[in-house]
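Participant: Could you have a look at this structure, given as structure tokens, before my questions?
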Amino acid sequence: MPQDYRRRCLAKIHIAKKELGLTDEEYRDLITSTIPGRASAADLEEAELRQVLDRLQALGWRPRLPRSGDRPLPATVWKARSLWLRLYELGEVRNPRWTALARFAKRMTGITDLRQLNGRQAAIVIEALKGWLERTEGRSR
């Protein structure tokens, strides 16, 4: 197994542990229940690392979008982000992260990466967020 892949998997597992707020005991229980006989991610094979990552995702952890310095985010993505954060402030959205917005956009357009939305697709996402915000603000008046 390439060391680079193994290192990335282990890093993701430890990031997920932290973001899910798992204690050391809960973390070891998760590994043992996923891969019987193992209590440490360091002891896992490539397929077993993938199983643990899948289990962490089933618990609600989502890996972040990879950063891309060579391709800045379009203004339409920033607009969608500001609407998303406004909905978060109003308590309508539980997760303010980029990944949650990306999942919302994927349900609307089928596109996973926000940077790949074309103008029409970005408009669909923005209009859906605006409509949601209007309904939310209308209820609070």
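The values are calculated or read from the model by the stated rules, or taken from the named source; none is laboratory data. This one's a predicted model, so the numbers in the text were calculated from it and none came from an experiment. So basically every Cβ, Gly included, is an ideal-geometry build from the backbone, and we count neighbours across all protein chains shown.
Participant: Taking the stretch 36-67 as the search range and keeping residues that are surrounded by 15 or more Cβ atoms within 10 Å (Cβ to Cβ), within 30 Å of ARG81 (Cα to Cα) and not hydrophobic (A, V, I, L, M, F, W, C), which one is modelled with the lowest pLDDT?
Facilitator: In this case the residue turns out to be ARG62.
Participant: When SER33 is evaluated against the numbered criteria (1) loosely packed, with under 14 Cβ neighbours inside 10 Å; (2) assigned to a helix (DSSP H, G or I); (3) modelled with pLDDT under 90, which criterion, by number, is the only one it fails?
Facilitator: SER33 satisfies every listed condition except (3).
Participant: For the stretch 1-30: of the residues being β-branched (Val, Ile, Thr) and under 20 Å from the mean Cα position of the chain (by Cα), which is nearest to GLN57 (Cα to Cα)?
Facilitator: The first filter runs over the stretch 1-30 and keeps only residues β-branched (Val, Ile, Thr), leaving 13, 15, 23.
Next, from what is left, pick out any that are under 20 Å from the mean Cα position of the chain (by Cα): 13, 15.
On the way: ILE13: 10, ILE15: 12 Å.
Filtering the stretch 1-30 for residues that are β-branched (Val, Ile, Thr) and under 20 Å from the mean Cα position of the chain (by Cα), the one nearest to GLN57 (Cα to Cα) comes out as ILE13.
Participant: Hey, another quick one. With the stretch 68-141 as the region, which helices (runs of 4 or more DSSP H) entirely inside it contain at least 3 residues that are closer than 24 Å to GLU19 by Cα and modelled with pLDDT of 90 or more?
Facilitator: Where helices (runs of 4 or more DSSP H) fall fully within the stretch 68-141 and carry at least 3 residues being closer than 24 Å to GLU19 by Cα and modelled with pLDDT of 90 or more, they are 75-89, 98-109.
Participant: Sticking with this structure for a sec: When you go through LEU133, LEU87, LEU114, LEU129 one by one, which is the residue that is of a type outside the set (Phe, Trp, Tyr), crowded, with 16+ Cβ neighbours inside 10 Å and in contact with a Lys or Arg (Cβ under 7 Å, 6 or more places away or on another chain)?
Facilitator: Only one candidate qualifies: LEU133.
Participant: Restricted to the stretch 1-30, and to residues that are assigned to a helix (DSSP H, G or I) and hydroxyl-bearing (Ser, Thr, Tyr), which residue is surrounded by the fewest Cβ atoms within 10 Å (Cβ to Cβ)?
Facilitator: Taking the stretch 1-30 and keeping what is assigned to a helix (DSSP H, G or I), we get 3-20, 24-30.
Adding the requirement that they be hydroxyl-bearing (Ser, Thr, Tyr) leaves 5, 27.
On the way: TYR5: 11, TYR27: 21.
Per the stated criteria, the residue is TYR5.
Participant: Just give me the residues in the stretch 40-60 being small (Gly, Ala, Ser) and either part of a helix (DSSP H, G or I) or over 20 Å from GLU25 (Cβ atoms) (or both), in sequence order.
Facilitator: ALA41, ALA42, ALA47, ALA58
Participant: Being within 24 Å of GLU137 (Cβ to Cβ), in contact (Cβ under 8 Å) with a residue 40 or more places away in the chain and in contact with a helix residue (DSSP H, G or I) (Cβ under 9 Å, 6 or more places away or on another chain) is the filter here, so list the residues in the stretch 82-113 that pass it.
Facilitator: LEU83, TRP84, ARG86, LEU87, LEU90, GLU92
Participant: Same structure again: Could you list, ordered by first residue, the pairs with Cβ atoms under 7 Å in which the first is in the stretch 14-41 and within 27 Å of ARG97 (Cα to Cα) and touching a residue at least 24 places away in the same chain (Cβ under 8 Å) and the second is surrounded by 15 or more Cβ atoms within 10 Å (Cβ to Cβ) and of a type in the set (Val, Ile, Thr), at least 6 apart or interchain?
Facilitator: ALA41/ILE13; ALA41/ILE31; ALA41/VAL52
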